[in-house]
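A short write-up of the structure that comes next.
The values are calculated or read from the model by the stated rules, or taken from the named source; none is laboratory data. Everything quoted here is computed from the prediction, not taken from an experiment. Note that each Cβ is placed from the backbone with ideal geometry, even for glycine, and that neighbours are counted across all protein chains shown. Protein only, heavy atoms only, side chains kept; ligands, DNA and RNA dropped before computing areas. Shrake-Rupley method; radii C 1.70, N 1.55, O 1.52, S 1.80 Å.
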Amino acid sequence: DTAVSQTPKYLVTQMGNDKSIKCEQNLGHDTMYWYKQDSKKFLKIMFSYNNKELIINETVPNRFSPKSPDKAHLNLHINSLELGDSAVYFCASSRIQGTGNTIYFGEGSWLTVV
Amino acid sequence: ELKVEQNPLFLSMQEGKNYTIYCNYSTTSDRLYWYRQDPGKSLESLFVLLSNGAVKQEGRLMASLDTKARLSTLHITAAVHDLSATYFCAVMLSSNYKLTFGKGTLLTVNP
């Protein structure tokens, strides 16, 4: 079983469309994240939820809206897609409390806006 | 704002050689991570380092942490082609649980 799973893996869409990426983790973790990796491979955090509460909200256009229906799921909805949104979006999860907690990443969702 | 700097950003080495990747960070932190990423793939966790002087080893890779110097190193021993990948260090602040990544080191091991 995949620990952190994202769908879709590949997404090609036109400018102006609205799309969603879904993420689920089966590790029993309490914290989930969205990261964006650009064409230069730079990874930047976008959002984080702890027990369904938003705890990190970086400077991201408000066209991006995360939603966490429960601790195991964190979805990312993007409105009015722009060319610059093309990137790989990684979902991740971890257990915040305790020590030495690994952060597990999903396989990534490759978004191409044309 | 926490800054994480890795160097070198590009590393080409021959099989059998040793080398070290450096990761400096700007703010006191209590967790440092090393990840590996193969082209088109996800990030694979290599090490989590928590305390000053921590050293962890897995195969040909060894990571260490000096919290006073705000420096972590990833040492590669007798490199083999299979180690070719991009290696990221990342630092987490317990104040906000935000994981900040370095820019990554693209390692190419040549036969």
**Study point:** Any strands (runs of 3 or more DSSP E) falling wholly within region B:38-111 and containing at least 2 residues that are free of Cβ contacts under 8 Å to residues at least 60 places away in the same chain
**Key:** B:43-49, B:55-58, B:61-66, B:71-76, B:85-93
Review point. Which number in (1) in a strand (DSSP E or B); (2) basic (Lys, Arg); (3) in contact (Cβ under 8 Å) with a residue 40 or more places away in the chain marks the one condition that B:LYS17 misses?
Key: (1)
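Let me confirm something: among A:ILE45, A:ILE21, which residue is open to solvent by less than 80 Å² (accessible area, probe 1.4 Å) and at pLDDT 95 or above? If you could, list the steps in order and put the result at the bottom.
Details: A:ILE45 fails: at pLDDT 95 or above.
Going through A:ILE45, A:ILE21 in turn, just one is open to solvent by less than 80 Å² (accessible area, probe 1.4 Å) and at pLDDT 95 or above: A:ILE21.
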**Study point:** Of all residues in region A:52-95 being of a type in the set (D, E, K, R) and more than 16 Å from A:TYR33 (Cα to Cα), the one that is most open to solvent (accessible area, probe 1.4 Å)
**Key:** A:GLU82
Review point. Out of region B:56-70, which residues are away from every other protein chain (no Cβ under 14 Å) and surrounded by fewer than 16 Cβ atoms within 10 Å (Cβ to Cβ)?
Key: B:GLN57, B:GLY59, B:ARG60, B:ASP66, B:LYS68, B:ALA69
Point to revise | Restricting region B:71-97 to residues that are under 14 Å from B:SER26 (Cα atoms), within 13 Å of another protein chain (Cβ to nearest Cβ) and surrounded by 17 or more Cβ atoms within 10 Å (Cβ to Cβ), the residue that is nearest to the chain's Cα centre (by Cα) | key: B:CYS89
Review point. Restricting attention to region A:91-110, does a residue exist that is away from chain B (no Cβ under 14 Å) and touching a strand residue (DSSP E or B) at 6+ places or on another chain (Cβ under 7 Å)?
Key: no
**Study point:** B:LEU32, sole failed condition from (1) outside any strand (DSSP E or B); (2) within 13 Å of another protein chain (Cβ to nearest Cβ)
**Key:** (1)
